[in-house]
Amino acid sequence: MIKNLRNLHPLTINVLVGTMFGRMATSMSIPFLAIYLTQVKHVSPSQTGIIIAVSSLVGICTSFAGGYLSDWIGRKIILFLSVFLWAAVFALFGVADSVAGFFLANALNGFCKSVFEPASRALLADLTEPKNRLAIFNLRYTAINIGVIFGPMLGFYFGSSETTFLFFIAAGVYIIYGLSLVLTFSKTGYKENTVQMPSQKKATFSEAVMAVRKDKVLLMSLLGIILATTGYAQFNSTLPQFLSGAFGQNKGAGMFSGFLILNAITVISLQYPLLKIGKKYSPIVSIMIGNMLCALGVFAFSLAESIPSWGAVIILFTIGEILMFAMTDAFIDSIAKSDLRGTYFGAMGFTQIGSIIGPSLGGLLLDHFGYGDAVSVFGLLAGLSLLGVPVLYAVKVAMGRMASQRSKEVG
């Protein structure tokens, strides 16, 4: 794999490095937001869940359009506009002082993420030969997790659960990221539609919508991943609230910081061994197995009582995360129409419905059952997430039928 990736395009390197430092900066602050709101601002768990979830709600509404726009007007313009706006949003987090202020900031955070990320993933695919795309997507995933190893440590050290100052650091990092993109685009002379982009007439927005609506495999996949994501979303929403409520703010923040670091180290350590196994099967199989393991991990949150048991639970949950997310970009790239690649990546934004349902339902369950009945809280959340498994299996069956039909037509 390394041999095939020696001559990476400068923009590919820029996006990967920017992703690493950007995620490091945001993981110093965003993961601790739930603790800060409940323990410092004394916001209720249900309101906190809604504030956390609004980012995904906005992402759902804008991701498809953002992905389409990256196909229509080009990756470069979308990346420039969204990255600098994103920097301003982190500054807004830093000055926010009310529930409404944090709600607005996280809504805008969801908008920027939903526009920037489909365009950046589509750009990586544009600049990479098909045989190397799985490796590039996994390098991006590795870059994210390298950032997440150091971000939470710095966040905990500088007291991110007690202050919003670190959001200003994130703003500065994204300004630098944006300037580096401007410089790299200008130096490489990159021109839209010159790198693995089809020359045919671009689809209108209504044509793009119709193409997605008719793609049953995509629609079923979205439903299955939505259900899977309701479980995964508990890691950054319900879990930190539960830890701070059950063990106290300082101990809860310390435990959660440690879990974030263990999560990232596990990803770095196991991603490529698991990838070697996953490549023997279709991406949808890996996503399905990952769904099962994540859901089991969520339920196990309620059973862990010691440091070793918590460590085992986080590793189990992370293995599920790897199997789900290391293959998702490759799966979408494999089913996307070549002239609608950005649109298909944008359509993946609909899976963030799970990131709305998860935090919102988790907060409501904590309000209802309290911190002392973890089995009911995490058991119900895990059960909902497990419903994604039969849906994803149906996707696998449908893809098998389509492949068989195509082979018959060719024959």
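The values are calculated or read from the model by the stated rules, or taken from the named source; none is laboratory data. Small disclaimer: the values here were computed from a predicted structure and weren't measured. With ideal geometry, Cβ positions are generated from the backbone for all residues, glycine too; neighbour counts draw on all protein chains shown. Note: areas computed on protein heavy atoms with side chains; ligands, DNA, RNA excluded. Shrake-Rupley method; radii C 1.70, N 1.55, O 1.52, S 1.80 Å.
The table that follows gives values for the structure above.
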{"read-out": "Dimensions in Å of region 16-90 - Rg and Dmax from alpha carbons", "value": "15.3, 45"}
{"read-out": "Counting all C-alpha pairs of region 287-394, share separated by more than 19 Å (%)", "value": "53"}
{"read-out": "Kirkwood-based shape ratio for region 331-383, expressed as Rg/Rh from alpha carbons", "value": "1.28"}
{"read-out": "Cα centroid separation, region 239-305 to region 331-409 (Å)", "value": "17"}
{"read-out": "Inter-label distance, nm, simple model (7 Å from Cα along the C-beta direction), MET210/VAL40", "value": "5.2"}
{"read-out": "Accessible area of the chain belonging to carbon and sulfur atoms, whole % at 1.4 Å probe", "value": "68"}
{"read-out": "Violating pairs (Cα-Cα greater than 20 angstrom) within the set LYS113/LYS216; LYS113/LYS251; LYS214/LYS280; LYS279/LYS337; LYS214/LYS337; LYS280/LYS396", "value": "LYS113/LYS216; LYS113/LYS251; LYS214/LYS280; LYS279/LYS337"}
{"read-out": "Additional length obtainable on full extension of the chain from ALA88 to SER334, 0.36 nm per residue less Cα span", "value": "85.1 nm"}
{"read-out": "Added length on full extension, which subtracts the Cα-Cα distance from 0.36 nm per residue, MET402 to PHE158", "value": "82.5 nm"}
{"read-out": "Pairwise label distance in nanometres, ILE307 with TYR393, each label 7 Å out on the Cα-Cβ vector", "value": "4.0"}
{"read-out": "Quotient of Cα Rg and 2.2 N^0.38 Å for the chain, N being how many residues it contains", "value": "0.95"}
{"read-out": "Binned Cα-Cα distance frequencies in region 1-160 - 10 Å width, integer %", "value": "10, 34, 35, 16, 5, 0"}
{"read-out": "Value of relative contact order over the chain, rounded to a whole percent, pairs C-alpha under 8 Å and six or more apart", "value": "29"}
{"read-out": "Computed [θ] at 222 nm, deg cm²/dmol, the chain (DSSP H ≥ 4; -39,500 (n - 2.57); rounded to nearest 500)", "value": "-27000 deg cm²/dmol"}
{"read-out": "C-alpha center-to-center spacing [region 73-102, region 153-178] in angstrom", "value": "14"}
